[in-house]
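*Asks:* Take this structure first; my questions come after.
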Amino acid sequence: MALVPQLIGAARGAAARSLLQLPSPVIARLAGAPVVVDGRTLDPEMQLVLRLQRLDGPAVEELSIRQGRRVIVASSQVAGGTQPIGAVTDRTIDGPAGPLGLRFYTPRGLSGRSPALLFLHGGGWIYGDLESHDALCRVLAEEAQVRVVAVDYRLAPEAPFPAAVEDALAAWDWLVTHAAGLGIDPSRIAVGGDSAGGNLAAVIAQQTVAAGAASPAFQLLIYPATDFAEKAPSRHTYAEGFFLTRAFMDLAEDNYLTGAEDRTDPRLSPLHGDVAGVAPAYVVTAGFDPLLDEGAAYADKLLDAGVRVEQVCEPGLIHGFANMVAMGKVAPNAVRRAAAALQRGLT
């Protein structure tokens with residue numbers, strides 16, 4: 001549900017990136033004794049990042065939501081660095097409850113009609129915006145050679161469920177309708193996102209098929225949150241010490257939900273929805289992530305329904321790695337693998 005909760009302060013950002021460029025044996029020594037859980041070993045780069053994170057102030061879930069939003073953006077910009085891109089433009093469309101912001105990313109050298117990705121950011125439905133995932137969107141666009149359209153959907157607690165779902169579906173409908181004028185092939189539009197954004201992406205794939213409407217050609221689901229109804233074992237195993245904490249998840253849930261929802265509603269919990277006929281998917285999970293089990297369970301559900309799925313676990317990584325595109329080697333390489341899968345899925 002989170003992106004990178006207070007990864008490291010901006011003052012330490014450059015130093016952290018430098019440390020992660022050191023030779024692997026040096027990083028391993030700086031990281032400390034190996035951390036092994038359920039037979040998996042935490043990658044030394046991730047372990048070092050966690051050590052640096054503990055040097056900073058209070059965790060983001062201990063701040064007010066307004067303060068936390070500022071910290072999330074600042075820390076994500078540190079972790080994402082400056083990523084080259086052909087062009088970035090913002091525009092506003094009419095959303096279900098007012099203006100809805102979109103950001104368009106065009107990779108260098110792209111010409112003519114191209115595939116596209118509608119991207120929904122993570123952040124537990126309470127954090128995140130166009131800035132927090134700007135670096136990730138740039139990398140996905142450039143690496144996959146697709147246009148990326150990011151959605152600035154409404155956040156809780158100001159706009160609880162189902163506001164984010166409504167905005168996500170509205171953005172999808174608008175993009176499909178206007179694809180040709182945007183230089184996008186309407187038959188090759190993917191939907192994707194990380195964490196809470198992965199949840200929304202899966203919801204779009206299900207809801208569009210159920211409605212008999214134009215549906216995504218591919219799904220890029222990065223450690224998606226898929227189940228509000230039950231707590232899978234990994235939510236307990238990795239609840240502390242690996243960025244995404246139990247306190248963060250509780251805060252997100254308490255603010256996104258009003259308490260009156262059916263937690264098996266597929267718009268909340270796509271794991272409980274009908275996946276027959278949805279688009280092929282790349283589902284990537286992190287080995288040290290509370291959302292590991294429900295992401296894997298969703299991939300299995302897709303497979304059981306006959307959906308073509310590439311299921312990948314990045315065993316040594318933590319929740320939030322997708323935002324770390326300027327941090328070391330292992331996280332950026334995992335993002336490149338996801339981008340390559342997106343490119344294959346839309347070819």
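Coordinate-derived values only; no laboratory data. All values reported here derive from a predicted model rather than from experimental measurement. We place every Cβ from the backbone using ideal geometry, glycine too, and count neighbours over all the protein chains shown.
*Asks:* List the residues whose amide H sits under 5 Å from the amide H of residue 130, counting only those 5 or more places along or on another chain, with H placed 1.01 Å from N in the peptide plane.
*Replies:* none
*Asks:* If you average 1/r over every pair of different alpha-carbon atoms in the range 59-137 and take one over that average, what Kirkwood value in Å do you get?
*Replies:* 14.4 Å is the Kirkwood radius here.
*Asks:* In addition: With Cβ to Cβ distances under 13 Å as the rule, what net charge do the other residues near residue 179 carry (K, R +1; D, E -1)?
*Replies:* Taking every Cβ under 13 Å from that of residue 179, the sum is +1.
*Asks:* Given contacts defined as C-alpha pairs under 8 Å and at least six residues apart, what's the relative contact order of the range 248-339, whole-number percent?
*Replies:* 24 percent
*Asks:* What number comes out for the charge environment of residue 82, summing +1 per Lys or Arg and -1 per Asp or Glu over other residues with Cβ under 12 Å away?
*Replies:* Overall, the nearby charge balance is +1.
*Asks:* When the convex hull of the Cα atoms of the chain is projected onto a plane and the area is averaged over all directions, what value comes out in nm²?
*Replies:* With every direction weighted equally, the projected area is 15.9 nm².
*Asks:* Which residues' amide hydrogens lie under 5 Å from the amide hydrogen of residue 114, considering only partners 5 or more residues apart or on another chain, with H built in the peptide plane?
*Replies:* 184, 185
*Asks:* OK, next. Pop out the ³J(HN,Hα) list for the range 46-52 in order, Karplus 6.51 cos²θ - 1.76 cosθ + 1.60 with θ = phi - 60°, rounded to Hz; leave Gly and Pro as x.
*Replies:* 5, 5, 5, 4, 5, 5, 5
*Asks:* Around residue 143, what is the net charge, scoring Lys/Arg as +1 and Asp/Glu as -1 over all other residues with Cβ under 10 Å from its Cβ?
*Replies:* Summing Lys/Arg as +1 and Asp/Glu as -1 gives +2.
*Asks:* Please determine, in degrees from 0 to 90 and to the nearest 10, the orientation of helix 330-345 with respect to the longest principal axis defined by the Cα atoms of the chain, where the helix direction is its Cα long axis.
*Replies:* 20 degrees
*Asks:* Please compute the contact order of the chain in relative form: average sequence separation of alpha-carbon pairs under 8 Å and at least six residues apart, divided by the residue count, as a percent.
*Replies:* It comes to 20 percent, rounded to a whole number.
*Asks:* Let me spell out the model: positive unit charges on the Cβ of Lys and Arg, negative unit charges on the Cβ of Asp and Glu, origin at the Cα centre of the range 193-251. What dipole size does that give, in debye rounded to 20?
*Replies:* That gives a dipole near 40 debye.
*Asks:* Then there's this: Tell me the relative contact order for the range 25-136 as a rounded percent, counting alpha carbon contacts under 8 Å between residues six or more apart.
*Replies:* So the answer I get is 23 percent.
*Asks:* Using a Gaussian network model of the chain whose springs link C-alpha atoms within less than 10 Å, name the residue from 63, 291, 140 with the highest mean-square fluctuation.
*Replies:* 63
*Asks:* What is the helix-to-structure angle for 163-178, meaning the angle in degrees between its Cα long axis and the longest Cα principal axis of the chain, kept from 0 to 90 and rounded to the nearest 10?
*Replies:* Result, in degrees: 60.
*Asks:* What list of ³J(HN,Hα) couplings, whole Hz, do you get for the range 185-197 from phi and the Karplus terms 6.51, -1.76, 1.60, once you set θ to phi - 60° and write x for glycine and proline?
*Replies:* Once θ is set to phi - 60°, the couplings for the range 185-197 become 6, x, 8, 10, 10, 9, 10, x, x, 10, 6, 4, x Hz.
*Asks:* Could you derive backbone 3J(HN,Hα) for the range 81-90 from the dihedral phi with the Karplus parameters 6.51, -1.76 and 1.60 (θ = phi - 60°), listing whole Hz in sequence and x where the residue is Gly or Pro?
*Replies:* So the J values, rounded to whole Hz, are x, 9, 10, x, 7, x, 7, 10, 9, 10.
*Asks:* Which residue, chosen from 236, 126, 193, occupies the Cα position most advanced towards the positive end of the dipole of the range 121-247, where the dipole is computed from +1 (Lys, Arg) and -1 (Asp, Glu) charges on Cβ about the Cα centre?
*Replies:* Value computed over the given set: 236.
*Asks:* Another question about this same structure. Test of understanding: what is the full-extension gain from residue 29 to residue 258, defined as 0.36 nm times their sequence separation minus their Cα-Cα distance?
*Replies:* Taking residue 29 through residue 258 to full extension adds about 77.8 nm, to one decimal.
*Asks:* How big is D, in µm² s⁻¹, for the range 159-250 by Stokes-Einstein at 10 °C and 1.306 mPa s if Rh is the Kirkwood radius over C-alpha pairs?
*Replies:* Stokes-Einstein gives a translational diffusion coefficient of 108 µm²/s.
*Asks:* Please work out the FRET efficiency for the pair residue 18 and residue 158, using the Cβ-Cβ distance as r and a Förster radius of 41 Å; give the result to the nearest 0.05.
*Replies:* Step by step, r from the Cβ atoms, then E = 0.60.
*Asks:* Given the -39500 (n - 2.57) contribution per DSSP H run of 4+ residues, what per-residue ellipticity at 222 nm results for the chain, rounded to the nearest 500 deg cm²/dmol?
*Replies:* About -11500 deg cm²/dmol.
*Asks:* Counting only residues 5 or more places away or on other chains, whose amide H sits under 5 Å from the amide H of residue 122 once H atoms are built in the peptide plane?
*Replies:* It is 194, 197, by chain and number.
*Asks:* From the mean inverse distance of alpha carbon pairs (Kirkwood) and the Cα radius of gyration, derive Rg over Rh for the range 287-326.
*Replies:* 1.05
*Asks:* What are the radius of gyration and Dmax of the range 32-94, computed over its Cα atoms and given in Å?
*Replies:* 17.1, 53
*Asks:* In whole Å, largest first, what are the principal axis extents of the Cα atoms in the range 117-187?
*Replies:* 36, 26, 14
*Asks:* Taking the Cα centre of the chain as origin and charging only Cβ (+1 Lys, Arg; -1 Asp, Glu), how large is the dipole, in debye to the nearest 20?
*Replies:* 1240 debye
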